[in-house]
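The values are calculated or read from the model by the stated rules, or taken from the named source; none is laboratory data. Small disclaimer: the values here were computed from a predicted structure and weren't measured. Neighbour counts are summed over all protein chains in view; Cβ atoms, including those assigned to glycine, are modelled from backbone coordinates with ideal geometry. Each accessible area value is taken on the protein alone, full model and side chains, heavy atoms only, with ligands, DNA and RNA left out. Shrake-Rupley method; radii C 1.70, N 1.55, O 1.52, S 1.80 Å.
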Amino acid sequence: MAQPTVHRSTAPPTARTAPRARWRARLTRWRRSLFGLGGLRILAAAAGGYALYSAFAPSTRWWLAIVGFTLLGVALDGRSWRAGLGLGFVFGLTFYIPLLSFTNIYVGDLPWYALSVAEAVLTAPAGALIAAASRRLPLWPAWAAAAWITGEALRARWPFGGFPWGGVAFSQPDGPLLPAASLLGSVGVAFLTALGGFALAALVGALARRPRPGWRSTTILGPIGLLILPFVVGALSLLTVQHGTDTPARTIAVIQGNVPRPGLDFNAERRAVLDLHATQTHQLAADVRAGKAPAPTLVIWPENSTDIDPYRNADANAVISAAAADIGVPILVGAVVQGSQPGELYNMGIVWDPVTGPGETYTKRHPLPFGEYMPFRSFFRLFSDKVDLLRGTFLPGERPGNVDVAGVPVGDVICFEVVYDQLVRDVVEGGAQVLVVQTNNATFGYTDETYQQQAMSRVRAVEHGRSVLISSTSGVSTVVGPDGTIESSIPLFTPGYLTPTVPLITATTPGTVLGAPLEWLFALATPAALAYLVVVERRRRRAASPGPTSGPAAGAAAEPSTFTTGRPAAGNPVEDRTS
């Protein structure tokens, strides 16, 4: 008996089956990519992010930042912008998760992971720009370094006023690029660090090509030149670093009173923190009278050194007044001050005169979201009830922290404000001759946060040519010279005082003047260049398309644009689809 014939349709996919077929093909390509070169790129991006983290304090391995950008450049070189988004996110994730681990010390893992993922998401656009630059722009490492600054500028401003922790410049206080902060600002150090890494990535890519370009070709010499350039700039910038050897000087005391215990309840015992700082000040006064310590011109207390409002509480007022009278000079007191409405607070630095009492003040201009105020409290409570650990709302001040303390023009920034370029630049431009960082690191325990903040202060010292005095409740209180060197410090959770002789410098570094304009220049350069190329490409396509009197051959004659890099432009039929 004859077998029935089975007829299989060879008709093209219907409108219903076509999307399904495209998805299957796409998944197949992704699977092949993941277990091939695509997977290696992901690993390179992940390793690069962790290498960048490993360059930050307390590590002194500054060169790992360059290694991190090299790995990121290798991962992104020649990729599509969509692949750049994903690889940039991976890089950001492996960078920020370990870097921000100090945020989970007392409030659990959810805030830590949420903040890390948010910062990684904001890193992804920089990855897209770098990938696009590597395909379309000549000397792409320079454009890629500028694209990284685009990402840093975004993270420094948005959301909630930004969180620029992890700025690449702060990985370099022990490296040869640090002097460049005095010439180009911290943004210049970040650009040069990224440039070195991306230049090395371009060199690796050139050497890996077959056939290999000649050593005298621009493909080889270009990346080598860009790799050397940051170190040449760093060496030349030594000429602009301030040392303060020929300026007036004053002795300024830094008090570290310690706290009863680390953690969020460091101030649970009423007036305990205040009493500890007053005790150290009385000890300093006794040592001055005994000839064991030099007499200071002024004294610095840290942020939150009184958690009791000294304007409203007579006991707190009396304790501070007694300490100021004993030492006989003004004290810059870090105080929590109540506002006019219940729950409203101010984070203040108060100049406390030994005779007249409280005088000039500075109010912290950038309260930390989720640390000093809770945005969208009801929404974030859906994810964690930890939001209610923060009861009050700290309100921002309106003017820079320029205060006169015993005739010394002091520039005061409070805690995390040291990470914001403009806040520090404002006090220097306002006439500050010495910078003070009042901080309370007790809530972060024995984590790396205090050392990362110290590294930021070292970069600020070189950038603006000023000594930086870090006064912390629990450490590490530090004296940083205008050349970025650590002159003295007090260990974590150890009471004590420092009495450095500090130069009062009035000179303005080029980094102070050029920092802000360079940030805008770098941040806009790569997006603007890529946008220009897109416009040019569209005009070329329109010009090459068949006109009213042209036949089909007119359009066929147009060649796909490769611009100046030799790589196919996005949308070219030969684009690497494994990326």
Tell me which residues, restricted to the stretch 91-119, are at pLDDT 95 or above, over 13 Å from Tyr53 (Cα atoms) and buried (at least 18 other Cβ atoms within 10 Å of the Cβ). Glu119
Criterion first (out of contact with any Ser or Thr (no Cβ under 6 Å at 6 or more places or on another chain), modelled with pLDDT under 95 and open to solvent by less than 20 Å² (accessible area, probe 1.4 Å)) does Gly39 satisfy it? yes
Can you pull out every residue in the stretch 167-211 that is part of a loop (DSSP other than H, G, I, E, B) and either open to solvent by less than 10 Å² (accessible area, probe 1.4 Å) or closer than 17 Å to Ala65 by Cβ (or both)? Gly167, Gln172, Pro173, Asp174, Gly175, Pro176, Leu177, Leu178, Pro179
Here the qualifying pairs (Cβ atoms under 8 Å; residues six or more apart or on different chains; first in the stretch 521-538 and in contact (Cβ under 8 Å) with a residue 40 or more places away in the chain; second among the basic types (Lys, Arg) and in a helix (DSSP H, G or I)) come out as Leu530/Arg136; Leu533/Arg136
Starting from the stretch 302-313, keep only residues that are open to solvent by 30 Å² or more (accessible area, probe 1.4 Å), then list their pairs with residues that are among the polar types (S, T, N, Q) whose Cβ atoms are within a distance under 7 Å, requiring at least 6 positions of separation or different chains. Asp307/Asn267; Arg312/Gln338
Return the residues of the stretch 235-281 that are modelled with pLDDT under 95, more than 22 Å from Thr443 (Cα to Cα) and charged (D, E, K, R); say none if nothing qualifies. Asp246
Within the stretch 346-362, tally of residues that are in contact with a Leu (Cβ under 8 Å, 6 or more places away or on another chain) and open to solvent by less than 40 Å² (accessible area, probe 1.4 Å): 4
The lone condition Val387 fails out of (1) in contact (Cβ under 8 Å) with a residue 40 or more places away in the chain; (2) of a type in the set (Val, Ile, Thr); (3) surrounded by fewer than 24 Cβ atoms within 10 Å (Cβ to Cβ) is (1)
Are any residues in the stretch 390-406 assigned to a loop (DSSP other than H, G, I, E, B), open to solvent by less than 70 Å² (accessible area, probe 1.4 Å) and touching a residue at least 40 places away in the same chain (Cβ under 8 Å), and if so, which ones? Gly392, Leu395, Gly397, Gly401, Ala406
So Thr443 ticks every box in (1) more than 15 Å from Gly334 (Cα to Cα); (2) open to solvent by 10 Å² or more (accessible area, probe 1.4 Å); (3) not in a helix (DSSP H, G or I) but one. Which box is left unticked? (3)
Within the stretch 120-139, residues in a helix (DSSP H, G or I), in contact (Cβ under 8 Å) with a residue 40 or more places away in the chain and open to solvent by 20 Å² or more (accessible area, probe 1.4 Å) come out as Pro125, Leu129, Arg136
Kindly indicate whether any position in the stretch 264-275 is crowded, with 21+ Cβ neighbours inside 10 Å, out of contact with any helix residue (DSSP H, G or I) (no Cβ under 7 Å at 6 or more places or on another chain) and not in a strand (DSSP E or B). yes
What's the number of the only condition in (1) more than 30 Å from Gly371 (Cβ to Cβ); (2) buried (at least 20 other Cβ atoms within 10 Å of the Cβ); (3) of a type outside the set (A, V, I, L, M, F, W, C) that Gly214 fails to meet? (2)
In the stretch 78-88, anything assigned to a helix (DSSP H, G or I) and buried (at least 22 other Cβ atoms within 10 Å of the Cβ) is listed as Ala83, Gly84, Leu87, Gly88
Would you say Trp352 is within 27 Å of Pro503 (Cα to Cα), in contact with a Ser or Thr (Cβ under 7 Å, 6 or more places away or on another chain) and among the aromatic types (Phe, Trp, Tyr)? no
Determine whether Ala75 is buried (at least 19 other Cβ atoms within 10 Å of the Cβ) and part of a helix (DSSP H, G or I). yes
